[in-house]
Every structure is written in structure tokens, then in C-alpha cells.
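Structure first, commentary second.
Coordinate-derived values only; no laboratory data. Quick caveat: nothing in here was measured; it's all calculated off a predicted structure. For neighbour counting, all protein chains shown are included, and Cβ atoms are generated from backbone atoms with ideal geometry for every residue, glycine included.
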Amino acid sequence: EAGVTQSPTHLIKTRGQQATLRCSPISGHTSVYWYQQALGLGLQFLLWYDEGEERNRGNFPPRFSGRQFPNYSSELNVNALELEDSALYLCASSLDRVQPQHFGDGTRLSIL
Amino acid sequence: GENVEQHPSTLSVQEGDSAVIKCTYSDSASNYFPWYKQELGKRPQLIIDIRSNVGEKKDQRIAVTLNKTAKHFSLHITETQPEDSAVYFCAASPDFTGGGNKLTFGTGTQLKVEL
């Protein structure tokens, strides 16, 4: 069984640009979660999608947004990129809203 | 919101010794407590989890204990091996019926198992 897959592996942007990160959940999983892992700050919850709807949101500004598609894959969009957005962005999925969450390898976003 | 504190931040043990990592949480609505292991450059991997209706859970050399009254839970690794060296994260979450389902993570413990 394939795990959670994320693309791209690395993404380099400059300040003010926009970034799009993609996630495919484990087959059969309907919930997708996004976390930010910045250096020295641990994992911070960003967003939770289930059945195409945003169900919960962490303490991040509105320029962090996303969506979930009918096939349960998800996109995270970050607008007006700032230097402090540099981090590893991890996607996780779970079966039908029920824990546990299983993580992908992440997308390393670097802002120059 | 939920706040999870994790101690120690670094832990060095000799191979074969036991390692204990402790976490406390603040939100009494939390009822699910997973532990993740993250090796350098790799994804966090779930190693064990516990729900609030259970006080202890064991899986081979790994065990987790939960004290709901005191709001703390601990990870115990026995007979440590070099491959146990990694960063370990605890987390807490209310279930989706509580409007949550997000994981609040501790700040991580860097475990080093020395030969």
C-alpha cells in the first residue's frame, strides 16, 4: 500500500511569490492534515480537510489556504511568501476522521 | 487551546539502558496521545498511541503510560539500540466530535543511544 505522497520534494521561491504544495493521501483515507515544521519550532498544525471541507484551522494568517479535491488529494497554497515561511511542510492523512495520522515525506520550502 | 510540554529536550543513554520521555498537556478534552519518531531527513513515523480509556499500552520494547488526572503521559523504551536514535515527538488531540482532530505536538526529544 502506498503511503502519503507529497510533491514537490523541494521548492525554492522568493519573497512575495506564491507556492503550491500537493498531497495524495493513503488510499481510502478521507482526512488530510497540513503541518509546518520550522527549524527549532516543532510541528505546528495548519489545516484539516475532510470530505472536501475545511474542518479546522491553526493559528496561521489567511495567506495560508488550501483545498481538498473529490479524490481526497489536497493542495496547500501560500501567498505573499515571507522569509519565515521557510520550513518543511508535512501532510498527513487518516481514515474517515479517525486517528491515527500518517505522514508524508514533506515539501521543503525555501524562501530567498 | 491545547499546550503540550515535553521533557527532556535531549537524552543520551547507553545501549541496553532504558529511556523515558515525559509530556504534559493542558486540555482535558484531549483523549488521543500518539508518539512519533523522526529520523534525520525523514517523515515522522507513528510508533505507538494511546487513548484516554486506557492507562498503559505496550508494543515490544516500547510502552506508553497515561495519567488523565495529572494530564501527563510518558514513553518508555527498554533495551535501547543505536537505531532508536532519533527525535521523538509526543502529541495530543481531542477527537473529531470535539471539533478538534488536530495534533498538538511537543517540542521533541533528541534521543542518542551510545555504544
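Per residue of peptide A:38-44, the mean number of Cβ atoms on other chains within 10 Å of the residue Cβ is 4. Averaging 1/r across all pairs of distinct Cα atoms in the stretch B:56-106 and inverting the result yields a Kirkwood radius of 12.9 Å. Summarising the label geometry, the points placed 7 Å from Cα in the beta-carbon direction at A:ARG108 and B:GLN81 lie 2.8 nm from one another.
Largest first, the three principal axis extents of the alpha carbons in the stretch A:49-112 are 38, 23, 22 Å in whole numbers. Inter-chain neighbour count for A:89-99: the average number of beta-carbon atoms from partner chains within 10 Å of each residue's beta-carbon is 3.
In chain B, the ratio of gyration radius to Kirkwood radius, Rg to Rh, stands at 0.97 when only Cα atoms are counted. Cα-Cα over 24 Å: which of B:LYS42/B:LYS68; B:LYS37/B:LYS71; B:LYS68/B:LYS112; B:LYS42/B:LYS112? Beyond 24 Å: B:LYS42/B:LYS68; B:LYS68/B:LYS112.
Once the Kirkwood radius over Cα pairs is known for chain A, the Stokes-Einstein relation at 37 °C and 0.692 mPa s delivers a diffusion coefficient of 238 µm²/s. Taking only the C-alpha atoms of the protein assembly as shown, Rg followed by Dmax gives 17.5, 51 Å. What you get for chain B, charging only the Cβ of Lys and Arg (+1) and of Asp and Glu (-1), is a dipole of about 300 debye around the Cα centre.
Loop only by DSSP, 13 or fewer other Cβ within 10 Å of the Cβ. Give me the trypsin sites (Lys or Arg not before Pro) in the stretch A:6-40 that pass, ordered by residue number. Here the trypsin sites (Lys or Arg not before Pro) that fit, given the DSSP loop and packing criteria, are A:ARG15.
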